[in-house]
Amino acid sequence: MRFGYNFKYNVILLSISILMLGACKERPVKSKTDGKQHIDYTAKVYPLLDTENSRWFYFSSASRPFGMVNLSPDTQIVGAWGSGYRYKTDTIKGFSHIHAWQMSGISVMPVTTNKESKEDIYKDFYSKFSHDQEVVMPGFHKVNLDRFNISAQLTSTKRVGFHQYSYPDNQEDKAILFNLNTLLGPSSNTDGFLEQNSANELSGKVTMEPTHRRPKPLTVYFKVKLNAKIVSVNKDDKTGNYLIVLDKDQNNVLMKVGISYTSVANAALNMSKELPHWQFEKVKEEAKGEWNGLLERINVKGGSEQDQRRFYTDLWHALQGRRIINDINGAYPNNTGEIFKVGQLPLKADGSPKFNHYNSDSFWGAQWTLNTLWGLVYPEIMYDFSNSLMQYYKDGGLIPRGPSGGNYTYVMTGASATPFMVTAIQKGIIVDELEDVYQALKKNHLAGGIMEKAGYEHTTNVGGGLKYYMDQGYVPYPIPEGKFGSHQDGASLTMEYAYQDWTLAQLAKKMGYKEDYDYFLARSSNYKNVFDSEIGWMRPKNVDGQWKADYDSYQAENGFIESNGAQSTWFVPHDIKGLASLMGGADAAIKKLNEQFETAEDLGFTAGSSHSVELHPEYSRIPINFGNQPSIQTAFIFSQLDRPDLTQLWSRKVAKTVFGGLSPSTGYNGDEDQGLMGSLAVLIKIGIFQMNGGTEANPEYQIGSPIFDEVTIKLNNNFYSGDLFAIKANNNSDANFYVSEAEFNGTSIKANSLRHDDIVKGGELILEMTNTVK
């Protein structure tokens with residue numbers, strides 16, 4: 001439904017919209033800065049989406065895109081899951097600066113104290129707050145601490161947190177508590193140290209202890225500057241907390257906290273370069289401007305107000321979570337060897353790094369999400385990440401699949417960075433050192449590479465079962481040697497390796513390595529070795545080649561990673577027609593998958609509303625799950641089998657059902673994984689997709705059913721020759737979701753697809769929408 005028709009109706013809809021905004025309010029949709037009207041895309045973002053299911057690195061507010069600092073309030077601590085900012089918890093436990101994959105640290109809390117409370121404040125400093133007095137938007141967070149009557153406002157640059165505290169006008173001491181030695185999110189913070197350097201400066205450090213996933217400690221250094229005089233610095237030996245007492249006469253206090261993973265000196269440098277002044281509103285506006293600069297790359301028209309707000313919330317999520325770890329001068333933590341080192345990124349002529357280095361969750365599932373969105377709309381981000389992955393290779397000998405703390409975590413499985421980097425090359429984003437990149441990727445697919453390692457297998461190379469895959473054509477379940485890590489589910493591993501081998505084969509072909517091409521292409525057919533034609537499903541088999549007995553294709557994690565066999569049977573993105581042939585032909589495959597969608601629709605296409613309930617019997621038997629990565633491509637399989645109408649039908653339903661809500665209670669079902677689900681939602685809603693992750697020469701984009709009347713993508717001219725790529729859906733509506741005709745730049749197209757080289761030259765795709773199948 002759209003605004004319009006009459007004033008009374010508009011008022012009703014506006015009232016509903018204001019209620020849904022919750023804490024995100026009092027923001028104009030447009031702003032004037034240069035005499036022209038500019039859309040404020042940040043005003044469309046709803047940061048509270050799915051915060052009832054939040055995890056440590058999920059929530060963002062007062063941060064920049066991919067910022068080293070991710071400053072926000074914590075209402076839940078002590079663990080990676082169900083922690084950070086949780087909407088239903090009414091108590092703030094601190095404002096911490098690092099919310100990243102397996103990393104946390106530097107929690108602070110403004111407080112007031114008197115003689116009676118001073119001794120207890122070190123351990124008793126939490127405060128209630130109300131969402132009614134809260135403002136949350138990209139780059140900014142404001143909240144009132146009811147207990148202390150303090151108004152706290154937060155914003156940041158890339159590497160500096162900026163705080164503004166308004167203390168009450170009373171005789172109590174104004175202070176800031178540094179909670180350095182504590183368990184915040186995924187790891188304990190220990191050896192926290194703080195010292196005063198001058199009348200208004202402090203510096204310190206804290207060590208993040210190793211976790212099951214990040215096996216080595218990492219120290220974060222920080223520099224603090226205040227616009228108020230420091231009266232005293234006091235440490236409590238029992239808690240390890242520090243209380244910084246400030247001048248009583250200053251009620252409005254500004255504090256800057258610069259961080260670094262290499263040294264206090266670099267933390268100070270980051271601050272001096274990024275935030276040399278004390279203008280809080282200026283930084284807040286600059287943060288909004290930076291977010292708008294990325295969000296405006298895709299402009300949508302049509303759809304409901306909620307459709308647009310959810311869309312820009314999805315797009316916002318696609319641009320965060322993964323965090324910069326290098327300083328402004330290019331220094332970074334290299335934790336890949338036996339001894340910690342400070343690495344140095346290559347620099348441009350102006351002294352800035354040629355690319356940034358990153359902390360990142362896995363790229364498991366990125367082939368259907370980040371690959372396409374970043375590769376088309378944000379090629380500069382894909383360039384940065386690809387170079388960062390290569391830096392890990394140069395330092396530690398392997399391209400990672402999810403690094404944290406400057407080191408490998410071996411999160412998830414396979415060589416998930418291979419499709420990511422191959423598509424970057426095929427799209428012309430990475431053009432240098434291609435031989436080095438190819439050899440680095442190839443190493444991961446052979447003995448001694450990352451494919452040998454199961455999830456979080458740090459010290460051995462057994463759990464991935466690669467030797468069986470290479471020798472026998474499949475990974476057995478169970479692996480005979482026993483348990484060496486997580487996700488040792490042989491059927492899934494076989495299918496994942498086969499796809500990733502196919503993507504590497506495409507790069508080998510580009511590089512002219514025919515023998516490698518033939519070898520990895522042959523391995524890409526290994527998925528067939530775990531398909532049981534008698535039952536019509538992928539099925540685990542043991543090392544002797546025997547199918548798993550009493551097999552139930554709807555039992556979760558029964559030889560399949562974070563999925564069941566019904567979902568993962570379709571994980572053959574490189575050879576859908578080959579898979580269909582195993583099933584008895586295209587018609588049989590279409591019938592089978594369509595029935596799965598019909599069943600999944602009754603459960604809302606997801607296994608519950610949180611990652612934590614996926615294994616619950618009520619949800620785990622769902623045949624298609626858009627709440628986790630293994631089957632999120634399935635709606636576009638129909639198009640590969642010459643039934644684009646079913647792709648249009650089911651992708652539209654998924655867009656509206658799974659990715660249509662706008663509330664703290666749902667949104668990504670608790671497993672957004674640093675931009676993966678946000679990216680997927682964006683792609684489905686604008687109606688383009690890449691089944692094989694865009695890894696073939698001149699990659700193909702499949703056309704779906706855009707939910708908006710117009711979508712205009714600004715192309716980055718540093719990478720692509722065109723200016724705009726537009727998609728217009730004529731006669732589009734909730735009922736008219738089928739595409740009857742399509743033309744690109746005035747020429748009719750019949751294949752329901754476009755090629756990358758054509759799109760990035762710019763142009764207009766016009767779709768005629770109807771409510772019946774052509």
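What follows draws every value from the coordinates through simple rules; no lab data is involved. All values derive from a computational prediction rather than experimental measurement. Here the Cβ positions follow ideal geometry from the backbone for every residue, glycine too, while neighbour counts run over all protein chains shown.
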Computed over segment 355-766, the relative contact order (Cα-Cα under 8 Å, seq sep at least six) in percent reads 14
Taking 0.36 nm per residue of separation between T190 and L446 and subtracting their Cα-Cα distance, the length gained on full extension comes to 88.3 nm
Simple spin-label estimate for D723/Q344, 7 Å along Cα→Cβ, in nm, reads 4.3
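How do the peptides 271-279, 518-526 rank, highest first, by the average count of neighbouring beta carbon atoms within 10 Å per residue? Intermediate values should be presented prior to the final figure.
Values: 271-279: 15.6, 518-526: 17.8.
Going from most to least packed, we get 518-526, 271-279.
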Taking every C-alpha to C-alpha distance in segment 51-295 and binning by 10 Å from 0, the per-bin percentages run 8, 34, 41, 16, 1
Stretched fully, the stretch from S533 through K483 gains (0.36 nm per residue minus C-alpha distance, one decimal, in nm) 15.1 nm
Mean separation of Cα contacts under 8 Å (at least 6 apart) over the residue count of the chain, i.e. the relative contact order in percent, is 11
Note, segment 254-262: 3J(HN,Hα) by Karplus (6.51, -1.76, 1.60, θ = phi - 60°), whole Hz, Gly/Pro = x, goes 10, 9, 10, 10, x, 10, 7, 9, 10
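Show me the GluC sites (Glu not before Pro) within segment 103-204 that DSSP assigns to loop and that have at most 10 other Cβ atoms within 10 Å of their Cβ.
On the way: sites: E116, E119, E134, E172, E195, E201; in loops: E116, E119, E134, E172.
In loop regions of segment 103-204 (DSSP not H, G, I, E or B), the sparsely surrounded GluC sites (Glu not before Pro) are E116.
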Computed curve, segment 355-766, Cα-only Debye sum without solvent term, log₁₀ I(q)/I(0) at 0.08 Å⁻¹, is -0.40
Sequence order, segment 458-470: Karplus ³J(HN,Hα) from phi using 6.51 cos²θ - 1.76 cosθ + 1.60, θ = phi - 60°, Hz rounded, Gly and Pro as x, gives 7, 10, 10, 9, 10, x, x, x, 5, 5, 5, 4, 6
Sorted by chain and then number, the residues having a modelled amide H within less than 5 Å of the amide H of D532, at least 5 places away or on another chain, are W537, M538, R539
Toy charge model, Lys and Arg Cβ at +1, Asp and Glu Cβ at -1: the chain dipole around Cα centroid in debye, rounded to 20, equals 1220
If the label point sits 7 Å along Cα→Cβ of N542, residues of segment 560-582 with amide N under 19 Å come out as 560
Sorting Q690, L507, G405 by the position of each Cα along the dipole of the chain (Lys, Arg +1; Asp, Glu -1; all at Cβ), the one nearest the positive end of that ordering is G405
Under the Karplus relation with 6.51, -1.76 and 1.60 and θ = phi - 60°, whole-Hz ³J(HN,Hα) for segment 683-698, x at Gly and Pro, equal 5, 4, 6, 8, x, 9, 7, 9, 4, 9, x, x, 9, 8, 4, 6
Here, K88 and D432, labelled 7 Å along Cα→Cβ, have an inter-label distance in nm of 5.1
Sorted on mean Cβ neighbours within 10 Å (highest first), peptides 541-552, 182-193, 94-105 come out as 94-105, 182-193, 541-552
Per residue, the convex hull enclosing the alpha carbons of segment 443-585 has a volume in Å³ of 104
Taking the dipole of segment 51-295 about the Cα centre (Lys, Arg +1; Asp, Glu -1; charges at Cβ), the one of F162, L226, N189 that reaches farthest to the positive side is N189
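Taking the Cβ-Cβ separation of N234 and D602 as r and a Förster radius of 51 Å, what is the calculated FRET efficiency to the nearest 0.05? Kindly include the intermediate steps, with their values, before the conclusion.
On the way: r = 60 Å, r/R0 = 1.17.
The computed FRET efficiency comes out at 0.30.
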Scoring segment 51-295 by relative contact order with C-alpha pairs under 8 Å, at least six apart, yields a percentage of 19
Per the rule of 0.36 nm per residue minus the C-alpha distance, extending L615 to N299 adds in nm 109.9 nm
With label points set 7 Å from each Cα along the Cα-to-Cβ direction at A522 and K282, the distance between them in nm comes to 6.5
